[in-house]
Every structure is written in C-alpha cells, then in structure tokens.
Amino acid sequence: MAGATAAAGQVSADAQSIPDKGGRRFDFVQVDVFTSRRLQGNPLAVFTDARGLSDTEMQDLARETNLQETTFVFPRDAATEREQGVKVRIFWPNEEIPFGGHPTLGTAMVLRSMRLPSQKSGATTSGDLARITLDLKIGKVPVDFRTDPSGNVFGEMHQVDPIFGPVHDRDNIAALLDLLPGDISTDAPIQTVSTGLPFIIVPIRTLSRLQRLTLAPQKAYDYINRQKLPELDFYYVTRDTGDPEVGLRSRGIYSSPGEDPATGSAAGCTAAWMVRYGIAKPDAVLHILQGVEIKRPSHIYVRASIHGDKVNNVRVGGYSVQIIEGTVSL
C-alpha cells in the first residue's frame, strides 16, 4: 500500500508539472483612462475579441488582471454594429456589472484606435471615427471623439438619463460616516442618483475633510443595504478645490474593490445632480479631479442639459493612453 500511495503521489506531481499549452489566444490592451499621462488615471484591460470566452472564463480573466474593471468586446458584422452598437461586457474582479464610466470610455478609445488603420486605407468613413456606440447591459451608450488643439483625442460618452432617488438626512448620514454635520455642505441635498449605476452623492464642505476620509464604517453599509439598490455606494465631492481650473474634487472609497482613481459613472450622476440644484449651469463643462489621494490623478470633464424640469444629455469625457499590449493563452 505504501508503494501504491507513493506512485499515486508521483502521478499527481507529474500531472501538476505538465504545462498547459494554451491552445486559445486572446489579445488585450491596457489603457490608463481619464488621463493623457501614462501611470495616472484609472487602468483598464480591454480584450478586443472575446468570442469563444465563457462567462466563467471572463470572470476568471477579470480576476487575473485584478483591475477595477476589465472589458470584453464581441465583434459583430458591420450592419449589426451600425444598428445596435459594439457589444461589450464589463467585469469587476468578483462580478459582472451593467455599466461603468471609465470602462466605457476606455473601451471606445481602444476601438477607435483599432479602426484608424482601416480609415487610412479608405475602408471606413470619417464618421466611423467621430462616434462609436457601445451595446452594454444598460443599453446603447454613444461615445463621441474630437481632436483638441494639441492633437490629443478626447472622448465623451453620453450616459443614460438620470434617475433621482431618495434624499438622505444630513445628520443621519454624518453619523453613519463618523462625520460632524458641519462637515457636510448644505449647498445641495445628499441624494441617490443613477445614470447607469446608483451612487449616494455626499457634498463635503472642505478639501481638507475630503482628504481625510476613509472607508465608510460597517454601519454605513448596513444603511446602504437597506436601500435595496444594486451596487449602491457613496461618492464624495467638494467645491473647495484650491484650483480655479478644477470645479470639483472627488473621491470614491468603496468597500470593494477599494478606492477608485476615477469613477466616470458617479461623475455623470454628479453632473446631473449639480445641474438640478443650480450648482452648475446647464451644458457648462465642469472639471472633476479624482484619485489624487492614491497618486492616480484623473481628470473627468462633465456636463448635463436641462429641459423644463428634466435633466438629460449627461456627458462624461476625458482622455486615454495605452500602456500595455499582450496576449492571453487559455
């Protein structure tokens, strides 16, 4: 029996040592989003042709990249993409999500770069490079492009129309976040807003207080769980920026996957919230700076329209720069 056990152990060890040759190969690129400088902004991995990947494999790959988000592009024929958009799925390391700001912008920027060689050869029209529409779980999200005076490409996504949810009691939220009521500004209410993902927007009075924020205590997340909204979290903003070129400083400090360098979805919610309460003028571009505290400064440019009493046409834009290109073998 001892010999049999040893033999079994040897077989197991040999099996462990046999390399997996990885018969399937999937190309990806990694970009830094909401920045024009490498190693800043919010990193994103984009698998440019995910056909053949299962849901489990996509989730495993998102866990492998271990970034805030990883996206998977499913190319379709040109006629379908013109009508429905480019199919894209977005994953956190632990689950799939219906929408995300920096993955939407970053993926669209990658797709635009991939189409440039075709454009130069005359295979597409200039209109194909002016707008790319993504087909996401929440529906179609167009991303428009323009070239700035410095020659850099700027992308701007059109998020879905905002849904304004509950207004939250200032004293109650302050207590939940271990803040003093005076730490929270009274310029506008604390409110849940969604332009694809919901966030509780918390206006902080001073930049120094914003910089000292940490992960919300468990009692705050117990409160969130009672709201019965998926993926709800806090997004902190302050108008005390110390920089006339920056309209808001912000932080997204989340229980999972941690502090976010740039939360484009929450920035869209914030644009709608500011216009609704007169903090920002309709259609005026506002510069939001996020990620400074974790040394990943991200520059998000937002605006929103208003018609009657309805806020709409929420737009969130920025730059993106590629930093890694590679292939995964499975």
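General remarks:
- Order of I300, I306, I190, I90 under a 10 Å beta carbon neighbour criterion, fewest first: I306, I190, I90, I300
- The 3J(HN,Hα) values that the Karplus relation (6.51, -1.76, 1.60; θ = phi - 60°) gives for the stretch 256-267 are, in residue order, 8, x, x, 5, 9, x, 7, 10, x, 5, 5, 5 Hz. Gly and Pro appear as x.
- The overall shape of the stretch 58-185 is prolate: from the C-alpha gyration tensor, with semi-axes ordered a ≥ b ≥ c, the ratio a/c is 1.5 or greater and a/b exceeds b/c.
- Taking every alpha-carbon pair within the stretch 163-312, the share separated by more than 24 Å comes to 25 percent.
- Rg over Rh [alpha-carbon atoms, Kirkwood Rh] for the stretch 146-217: 1.13
- Distance from the stretch 260-289 to the stretch 33-83 (C-alpha centre basis), Å: 25
- Candidates D148, D135, D183, ranked by Gaussian network fluctuation over the chain, Cα under 10 Å, top entry: D148
- Candidates Q191, G252, T241 compared by Cα position along the dipole of the chain: farthest toward the positive end lies T241, with charges placed on Cβ.
- Ranked list, fewest to most other Cβ atoms within 10 Å of each Cβ, for R63, R76: R63, R76
- Computing semi-axes √(5λ) of the Cα gyration tensor in Å for the structure here picks out one of (1) 37, 28, 17; (2) 36, 22, 21; (3) 43, 22, 20, namely (1).
- For the stretch 181-330, a simple Cβ point-charge model (Lys and Arg +1, Asp and Glu -1, everything else neutral) yields a dipole of about 260 debye relative to the Cα centre.
- Annotation: the residues V141, V316, sorted from fewest to most other C-beta atoms within 10 Å of their own C-beta, follow the order V141, V316.
- Rounded to whole numbers, the Karplus 3J(HN,Hα) couplings from phi for the stretch 148-159 are 7, x, 8, x, 8, 8, 10, x, 9, 8, 9, 7 Hz, using 6.51 cos²θ - 1.76 cosθ + 1.60 with θ = phi - 60°, and x at Gly and Pro.
- Taking the Cα centre of the chain as reference, the dipole from Cβ charges on Lys and Arg (+1) and Asp and Glu (-1) amounts to some 540 debye.
- Each other residue within a Cβ distance under 14 Å of P162 adds +1 if Lys or Arg and -1 if Asp or Glu, for a net charge of +2.
- Charge tally in the Cβ shell below 15 Å around G268, where Lys, Arg are +1 and Asp, Glu are -1, G268 excluded: -4
- Taking Lys and Arg as +1 and Asp and Glu as -1, the other residues whose beta-carbon sits under 9 Å from that of Q84 total +1.
- With the charge dipole of the stretch 135-214 set up from +1 on Lys and Arg Cβ and -1 on Asp and Glu Cβ about the Cα centre, the Cα lying farthest toward the positive end among the listed residues V153, P142, I163 is that of V153.
- Estimated from helical segments only, the mean residue ellipticity of the chain at 222 nm is -8500 deg cm²/dmol, where each DSSP H run of four or more residues counts as -39500 (n - 2.57).
- Basic side chains Lys and Arg get +1 at the Cβ, acidic Asp and Glu get -1 at the Cβ, and with that the dipole of the stretch 181-237 about its Cα centre reaches some 140 debye.
- Most mobile of P142, P217, P43 in a GNM of the chain (Cα contacts under 10 Å): P217
- Helix axis angle, 2-17 relative to the chain longest principal axis, alpha carbon, degrees: 60
None of the figures in this text is laboratory data; all of them are computed from the coordinates on show. The structure presented is a predicted model; accordingly, all values stated were derived computationally and were not measured. Please note: Cβ atoms are built from the backbone with ideal geometry, for glycine as well, and neighbour counts cover all protein chains shown.
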